[in-house]
Amino acid sequence: DNDNPVSTVRFLIDDNNYGLVERVRTLPTEERKGYGKEAMLEAERWLHDLGVSRVFVEAIPPALDFYKKIGYDFSKDKEVLRNHNDLLLMEKSI
């Protein structure tokens, strides 16, 4: 927003060539303006350009609707799940 960062997404590529998205955040004053969605879509474009076809995110329950709206579904992939009790694994093919 006018060259001021308002959203962030961190991602990595694991040994199975899956994208793992972490630390998705938007400033509270800037939520619900589309910045988080755009940050996620940009991360997915980068991952796709790097040869990744599946992206995973460990979501907190209040963020489930956000991820569902941008195409993520629940996953039970045992290779990716890190057993965090308060997080839910979601995935998307890109």
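At a glance:
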| quantity | calculated |
| --- | --- |
| Identity of the residue in the stretch 1-17, open to solvent by 40 Å² or more (accessible area, probe 1.4 Å) and not in a strand (DSSP E or B), that ends up nearest to Gly51 (Cα to Cα) | Asn17 |
| Test: residue in the stretch 67-78 that is assigned to a helix (DSSP H, G or I) and either open to solvent by less than 30 Å² (accessible area, probe 1.4 Å) or touching a helix residue (DSSP H, G or I) at 6+ places or on another chain (Cβ under 9 Å) (or both) | yes |
| Subset of the stretch 7-42 [over 15 Å from the mean Cα position of the chain (by Cα) and under 23 Å from Lys78 (Cβ atoms)] | Asp15, Asn16, Asn17 |
| Close pairs from the stretch 1-20: first within 16 Å of Trp46 (Cβ to Cβ) and polar (S, T, N, Q), partner open to solvent by 80 Å² or more (accessible area, probe 1.4 Å) and assigned to a strand (DSSP E or B), Cβ under 9 Å, at least 6 apart | Ser7/Arg25; Thr8/Arg23; Thr8/Arg25 |
| Considering residues of the stretch 25-41 that are more than 16 Å from Val57 (Cα to Cα) and of a type outside the set (S, T, N, Q) only, the residue surrounded by the fewest Cβ atoms within 10 Å (Cβ to Cβ) | Pro28 |
| Selection count, the stretch 21-41, where residues are assigned to a strand (DSSP E or B) and either free of Cβ contacts under 8 Å to residues at least 12 places away in the same chain or closer than 19 Å to Leu89 by Cα (or both) | 5 |
| Test for Val21: is it out of contact with any Ser or Thr (no Cβ under 7 Å at 6 or more places or on another chain) and either modelled with pLDDT under 95 or of a type in the set (Val, Ile, Thr) (or both) | yes |
| Output for the stretch 42-57, where each listed residue is outside any strand (DSSP E or B) and either surrounded by fewer than 15 Cβ atoms within 10 Å (Cβ to Cβ) or basic (Lys, Arg) (or both) | Glu42, Arg45, Trp46, His48, Asp49, Leu50, Gly51, Ser53 |
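The values are calculated or read from the model by the stated rules, or taken from the named source; none is laboratory data. Only a predicted model underlies this, so the values are computations on that prediction, with no experimental measurement involved. Quick reminder, even Gly has a Cβ in these numbers, built from the backbone with ideal geometry, and neighbours come from all protein chains shown. The area values use the complete protein model at the heavy-atom level, side chains included, leaving out ligands, DNA and RNA. Shrake-Rupley method; radii C 1.70, N 1.55, O 1.52, S 1.80 Å.
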